[in-house]
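Structure, as C-alpha cells:
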Amino acid sequence: MPFRHADGRDDPFQWLRDPGYPDVRDQAVLDYLKSENAYVDSVLGGSDDLRPALLEEFKALVIPDESPPAEWVHGRWYGVRYEPGREYPLWYSKTAPDAPETTILDANREAEGQGFYAVRDWAVSPDHRFLAILDDIDGSERLRLRIRTLADGKDVHTATAHCSPGLGWSSDSSTLFYTRQDDKQRPRWVHRHRVGTAGDDPLIYEETDPVYFLGIGEGASGRFLHIESAAKNSSETRLLSLAEPDGAPRLVLARRPDHEYDVVDRGEDLLIRTNDRHPNFRIVRAPLDDPRESRWQEVVAPSDLALISGLGVARDFWWLVERFEAQKRVRVVPGHHRDAAAGQVITFPDPAYTISALDGHQWDRRALRLIYESPARPRTWYDYDVAAARLDAVQHTSVPTHTPDDYVVERHWATARDGVRVPISLVRHRAAAGSSAAPVVLYGYGAYGMSMDAGFSANRIPFLRRGMIWAIAHIRGGQEMGRAWYDDGKLLNKRNTFDDFIACAEYLVDAGIAAPDKIAAMGGSAGGMLMGAVANQRPDLFAAILAMVPFVDVLSTMLDASLPLTPPEYVEWGNPAEPVFRDYMASYSPYDNVAAKAYPAMLISAGLYDPRVTYWEPAKWAAKLRAVKTDDNVLLLHTEMEAGHGGASGRYKALVEVAERLAFVIRALGLPAQPAH
C-alpha cells in the first residue's frame, strides 16, 4: 500500500524519507541513492566520458594563489588566501603590509580525514590572543565552536552544541558571544562564554517564536553587539555594549507584523533602515539613548523606483546601497551629513554588473572598500576616497586563460504574460555574438527577495567557449526591481515567477538569440522549484533541465511543521492549513504535478545532509518522473553522500559537480566536446 499523507494524497515514494534523518541509516534508501549515482556514471561514463577532461578544463581556470586584499582588524592585517593546488583556504595575520605572514588557521589541515569541511565564520579577539572558529564537518550546517590561542595554535575551548554563524568579542577580549540552534536547527539562543571558564555558558537572549531566527554580529563602531531576531517580514534589534559583556541587551524597537528594520550606530545616534512607510525602505536618524519612533528624523526618503537594500557607516562617512532597474549603485555621504543628495553615487558603465560595499573593521578609515564585477570581468577591489571623491583600484583579479574583452555583456527585457517587463542579463563570447541563434543556459531563482546579481563566475567560461550564451532571468520573487518585485513573486503571486522565466525563454527565442531546441534551464533550491514548475508547464520549451537541490515537494514539506524551515516560511509560500494556500500550492507544486507527458533531459542533484532541502525531495521527484513520464530522454539523480545544501566542499572537489553539469549539457544539447573559442 502506498503511503497516504494526512491530507489524503497517496505517495508511493515516501519510503525514501528515512525517519531517522539527519542520521540516514535505512539501507534500502542508501542503496537506492547509490544505485542512482551508479546510473549517472553509466550514462555519462564509459569510453567517451567527458568529465575528466572537463574537470581539468575547469581546474585550469582556478586562480592558484587566490587572495583578496587583507583587512585591518583591531590594529593588525588579517587575510585569507589559497596556496596552489590546495583545496581549502588558510587565514593569516601580519603587523604591516610588507611584514611576514603568520598562519592562524589552515583549513587544509583541519579538513584532514574529513569528507566535508568548511569554515563558516571566524573572529579574532581585539587583543589578538584568541581566534574563534565556527566550522562544519559534514555539510549539515550544525556548526562546531572552537576558541584557539593564536600564540601556540592550540584549542582552549570546544563547544559540542550545534551553533549557527555569528560571533562577537567583548572589548576586553574576555568574552565571546555566539548563537546555538534548537533541535529543529533554528538559531534560538545567544550565549556568552568567558575564556578560561568551564560549565554551561550563560544565556543572553532566547528567541521563543519559531518564526524568528537569531543572528548576531559586531557593529561597525565596535561598541555594540547587534542581536537581531528576523522573520521573513518582521524584525527587531537589540544592542549589547561590548564594553560591558555581563550586561543585558537593550531593545531598539519592538517587533510588529510587516515591519523590518536594521540599525547602524554612529556613536551619539543610530541610522535605521526601515520599511515603516514604504516597501522600498527609508533611512531615519534616532538618538542612541532614546530610539523611539517619535524621535525619528527622516534622512533619506523612500522611492517608488529604487529599493534601499543596504546601509553602512564609518566614523567620517556613511553609505547606502540601492537597487534600480535591476542594477546596484552605492551612494556615499561624507561626515554626518543628513542630506543623502550631498553624497556621490558610484556606478559603472557596463550594461550589467554588480557592486558591493564592505563594512570593514576599521572605524576611522578614510575610504570605502568596494567590489565590482560583471558577467565578463572578475572581481576588482576599489577604495573610494571620500574626502577626495576619488575611486582607486586596489586589486584586480586575473583568471588564468580568461580575457574579459573576449566577451560581450548585454541587458535585455522580456514581457511577461501580464505585461510586466522582466530584465535579462547575458554574456557570450565575442566570436559568437550576433552570428546566429545559439544554445543558452538560462538561470533563474526568484524567491525570498534574493536578487540574482550579474556577477562573474569562472565556472561559466567552459560553457561560453563552446558557443553557449549564459543568461540570468531576473524574475519576480527577487528584489532586482524593488520590494514590489518580491511581493509579486510570493504567496498567491508565486506563479508569476514561473511565468516570468518562461517569458524570458520565449523572448530569447523570438529575438533570434536562443536556438529554440537548445535551451538548458538551470536553478537550485527554490530555483529548483522553478525548474520543476516550468518543466511541468512548458516541457517543450527546454531541451534540458538542471535542478540542484530542488525544493519540489512543496505541499508535503509545508504541511510538516517539524521541519526546521517550515513555520518561518509560511510568509513566503503560505500555510497550506488554509485552503486558499493549499489549493494554490497544489496548482504548482512540482512533485504533485508530474504528469504522463514528455519531459526534457534532466539532471537533478541532492545532498544527503542537506538541512534546507532534504535529500528525499529530489529523490522522490526523480523517482516519480521516471515512473510517469512518456519520453526516453535521460533522467539523472546525483546525490552527494558527504555534503549538504552547497554540495561538495573544497575548491577542486566542488568542480567535479560542475564538470558533470557541463558533460550533461553537452550531451543533451549536442554541443561540441571541445571548446571552439
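Every read-out reported here was derived from the displayed coordinates using simple, explicitly stated rules and does not represent laboratory data. The structure displayed is predicted, hence computed values, not measured ones. Heads up, the Cβs are rebuilt from the backbone with ideal geometry, glycines too, and the neighbour counts pull from every protein chain shown.
Between Glu66 and Gln27, the modelled label-to-label distance comes to 4.2 nm, taking each label 7 Å out from Cα in the direction of the beta carbon. Mean sequence separation of contacting Cα pairs (under 8 Å, at least six apart), scaled by the length of the chain, corresponds to a relative contact order of 10 percent. Cα centroids of the range 444-514 and the range 384-429: 15 Å apart.
Loop-located GluC sites (Glu not before Pro) in the range 305-395 (DSSP state other than H, G, I, E, B) with a sparse environment of at most 16 neighbouring Cβ atoms within 10 Å: Glu325. Normalised by the number of residues in the range 487-634, the average gap of Cα pairs under 8 Å and 6 or more apart makes the relative contact order 24 percent.
Helix 616-628 axis versus longest C-alpha principal axis of the chain: approximately 10°, rounded to the nearest ten.
Residue-normalised convex hull volume from the C-alpha trace of the range 516-584: 84 Å³ per residue.
Protection proxy ranking of 522-534, 68-80, 162-174, by the mean of other Cβ atoms within 10 Å over each peptide's residues and highest first, is 522-534, 162-174, 68-80. Treating r as the C-beta distance of Phe3 and Thr347 and R0 as 60 Å, the FRET efficiency rounds to 0.65. Near Lys232: Cβ cut-off under 13 Å, other residues only, Lys/Arg at +1 and Asp/Glu at -1. The net charge is -3.
If I stretch the segment between Ser587 and Asp10 completely, what's the gain in nm (0.36 nm per residue apart, minus their alpha carbon distance), one decimal?
On the way: separation 577, 0.36 × 577 = 207.72 nm, distance 1.66 nm.
Computed gain between Ser587 and Asp10 is 206.1 nm.
For a paramagnetic label modelled on Asn633 (point 7 Å from Cα along Cα→Cβ), amide N atoms under 13 Å away are absent within the range 385-419.
The separation of the range 57-120 from the range 351-372, counted between C-alpha centres, amounts to 21 Å. Distance between the C-alpha centres of the range 221-271 and the range 562-628: 36 Å, rounded to the whole angstrom.
What translational diffusion coefficient, in µm²/s and rounded to a whole number, does the Stokes-Einstein relation yield for the range 371-523 at 4 °C and a viscosity of 1.567 mPa s, taking the hydrodynamic radius as the Kirkwood radius over Cα pairs? Walk me through the intermediate numbers first.
Working: Rh = 16.5 Å.
Answer, rounded: 78 µm²/s.
Given 4 °C and 1.567 mPa s, compute D for the range 113-267 with the Stokes-Einstein relation, Rh being the Kirkwood radius over Cα pairs; round to the nearest whole µm²/s. Walk me through the numbers before you get to the answer.
Working: Rh = 16.1 Å.
Translational D for this selection: 81 µm²/s.
Electrostatic bookkeeping for Asp11 treats Lys and Arg as +1 and Asp and Glu as -1; over the other residues with beta carbon under 14 Å from its beta carbon, the sum is -1. Taking 0.36 nm per residue of sequence separation and removing the Cα-Cα distance, the Ala596/Ala577 pair yields an extension gain of 4.0 nm. Kirkwood hydrodynamic radius, computed over distinct alpha-carbon pairs, for the range 1-142: how many Å, to one decimal? Averaging 1/r across every pair of different Cα atoms and inverting gives 19.8 Å. I want to make sure I understand the PRE zone here: with the label point 7 angstrom from the Cα of Leu203 toward its beta carbon, which residues in the range 232-252 have backbone N atoms less than 16 Å away? 248-249, by backbone N distance to the label point. Apply the a/c threshold of 1.5 to the C-alpha gyration tensor of the range 125-194 and tell me whether it is rounded, prolate or oblate. Because a/c hits 1.5 or more and a/b fails to exceed b/c, the range 125-194 counts as oblate.
Shown is the FRET efficiency for Asp258 and Asp406, computed with R0 = 51 Å from the Cβ-Cβ distance and rounded to the nearest 0.05: 0.60. Between the helical axis of 526-537 and the dominant principal axis of the chain, each derived from Cα atoms, what acute angle in degrees is found, rounded to the nearest 10? For 526-537 against the chain, the angle is about 20 degrees. Electrostatic tally near Ala543: other residues with Cβ closer than 9 Å to its Cβ, Lys and Arg +1, Asp and Glu -1, net 0.
Determine by what factor the alpha-carbon radius of gyration of the range 429-473 differs from 2.2 N^0.38 Å, reporting the quotient.
Working: Rg = 12.1 Å, N = 45, 2.2 N^0.38 = 9.3 Å.
This ratio for the range 429-473 stands at 1.30.
Estimated purely from DSSP H runs of n ≥ 4, each contributing -39500 (n - 2.57), the mean residue ellipticity at 222 nm for the chain is -5000 deg cm²/dmol once divided by its residues.
Short-range pairs are left out: with C-alpha atoms under 8 Å and at least six residues apart, the relative contact order of the range 285-417 is 15 percent.
R0 = 41 Å: FRET efficiency of Ala673 with Arg417, Cβ-based, nearest 0.05? Mind dumping the intermediate values first?
Numbers: r = 38 Å, r/R0 = 0.93.
According to the calculation, E is roughly 0.60.
In terms of its C-alpha gyration tensor, the range 376-418 has an oblate overall shape, because the principal axis ratio a/c (a ≥ b ≥ c, square roots of the eigenvalues) is not below 1.5 and a/b does not outweigh b/c.
Among the listed pairs Lys494/Lys620; Lys34/Lys620; Lys232/Lys494, give every one whose C-alpha distance is greater than 20 Å. Provide the component values of the computation, followed by the final result.
Details: Lys494/Lys620 23 Å; Lys34/Lys620 14 Å; Lys232/Lys494 15 Å.
Listed pairs above 20 Å: Lys494/Lys620.
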